[in-house]
Amino acid sequence: YSELQLLTINQVYSEGEPLFVYGKGQPNETLIIRLIAPDKTIPKFDQFETNEDGTFEHVLLIWPKASSNLPFGTYTIEIISTQQNGLSKKIDVKFTSSTDLISVPIERHLNTLVFAPETAAINVPFRVFVQVTSDGLLIGDDPAKLLQTTHVHLPSGKVETLANNFSTLHQGLYYADYVPKEEGTYVFHVVTFNEGTISHGSVATNVLSQDIGGISNQIIKLNSVLEETSTELNTLKSEISGFGNTLESASSNIDKSVTSVSNSVTNIEEASSQLNSLFFPIVASIGIIVALQIAILARRR
């Protein structure tokens, strides 16, 4: 019959303490034991055989100083049978700076961060990024399982699942490409579930009829049109300035012409007076001569 047990002396360890495990399997069975870090990497693993009665005792490692490879956090010890159809057992332990926390229950701190653009445009794809950490370390897992209940709230009030849309960018970093079909605010709700622990993260994106790039291009075109208009206005201003000078010159010429006409009228008036002074005596003389002729003719008859 299948039998596999795994136990440890302590649940919380600090630097310099041995990680001692013991338990029971099949007699003279080959077992594989490995230490799984919070980021799902395996910094240590061993292989050994059980005793004739199936029991075993094994020191997996002496806890070193905390480092980027072995930071503080919750670790999982897993033992795997090579003879019992891959039967395995797991147990969690805590690596901390002090074993004074031995009375504190072991727990995982799962954290989810979501990144998406603040604005986007209809029918233009954009990318949503998700970062998942456990005890500060990135978690590497299948995003379809890790983010299986992730969804997006549409502006219309509907909910659209994104469970199978995510791909792995790097261990603990995932992304999904999304194409919005309507204007409004989209709320991406990312739900992470790992080792019985759940974490939530949300981000909102405002979708417009066009993106900032299109608006920027329109602003650039508008600036170009304004520059051309400004140049034309400067040209028109220059032409108006020359026209003003022409008007001033014409006005001056008109003033001179009016003065000349006024002087001519005055001269004509003077000439008319002089002509009148000369013409009246002549007319009078003619009148006297005519009268004398009439008188002479009358006497002859």
Options VAL132, VAL128: the member that is under 30 Å from LEU61 (Cβ atoms), open to solvent by less than 60 Å² (accessible area, probe 1.4 Å), part of a strand (DSSP E or B) and outside the structural domain of LEU35 (by the TED database): VAL132
Residues of segment 33-53 that turn out to be farther than 22 Å from PRO64 by Cα and open to solvent by less than 70 Å² (accessible area, probe 1.4 Å), as a count: 3
Cβ pairs under 7 Å, 6+ apart or interchain, first in segment 135-164 and at positive phi, second outside any loop (DSSP other than H, G, I, E, B) and of a type in the set (Val, Ile, Thr), ordered by first then second residue, are ASP135/THR74
Within segment 107-121, which residues are at pLDDT 85 or above, part of a loop (DSSP other than H, G, I, E, B) and in contact with a strand residue (DSSP E or B) (Cβ under 6 Å, 6 or more places away or on another chain)? ALA116, PRO117
Members of segment 7-51 that are more than 51 Å from the chain's Cα centre (by Cα), within 15 Å of SER81 (Cβ to Cβ) and of a type in the set (A, V, I, L, M, F, W, C): VAL21, LEU31, PHE48
Does SER134 count as more than 27 Å from the chain's Cα centre (by Cα) and modelled with pLDDT under 90? yes
From SER224, SER230, SER199, SER209, which residue is at pLDDT 70 or above, among the small types (Gly, Ala, Ser) and surrounded by 13 or more Cβ atoms within 10 Å (Cβ to Cβ)? SER199
Tally up the residues in segment 12-41 that are touching a Gly at 6+ places or on another chain (Cβ under 9 Å) and outside any strand (DSSP E or B), please. 10
Which of the numbered conditions does THR82 fail, given that it passes all the others? Conditions: (1) of a type in the set (Ser, Thr, Tyr); (2) in contact with an Asp or Glu (Cβ under 8 Å, 6 or more places away or on another chain); (3) at pLDDT 90 or above. (3)
Verdict on ALA66 being open to solvent by less than 40 Å² (accessible area, probe 1.4 Å) and closer than 29 Å to ILE139 by Cβ: no
Would you point out which residue out of LYS94, LYS89, LYS145 is closer than 30 Å to PHE48 by Cβ, open to solvent by 30 Å² or more (accessible area, probe 1.4 Å), touching a Phe, Trp or Tyr at 6+ places or on another chain (Cβ under 9 Å) and not acidic (Asp, Glu)? LYS94
Please name all residue pairs, on different chains or six or more residues apart, with Cβ atoms under 6 Å, provided the first residue is in segment 61-86 and is assigned by the TED database to the domain that holds GLU49 and the second residue is among the acidic types (Asp, Glu) and not in a loop (DSSP other than H, G, I, E, B). THR74/ASP92; THR76/ASP92
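The values are calculated or read from the model by the stated rules, or taken from the named source; none is laboratory data. Since we're looking at a predicted model, the values are computed, not measured. Heads up, the Cβs are rebuilt from the backbone with ideal geometry, glycines too, and the neighbour counts pull from every protein chain shown. All accessible areas refer to the heavy atoms of the entire protein, side chains included, with ligands and DNA or RNA removed. Shrake-Rupley method; radii C 1.70, N 1.55, O 1.52, S 1.80 Å.
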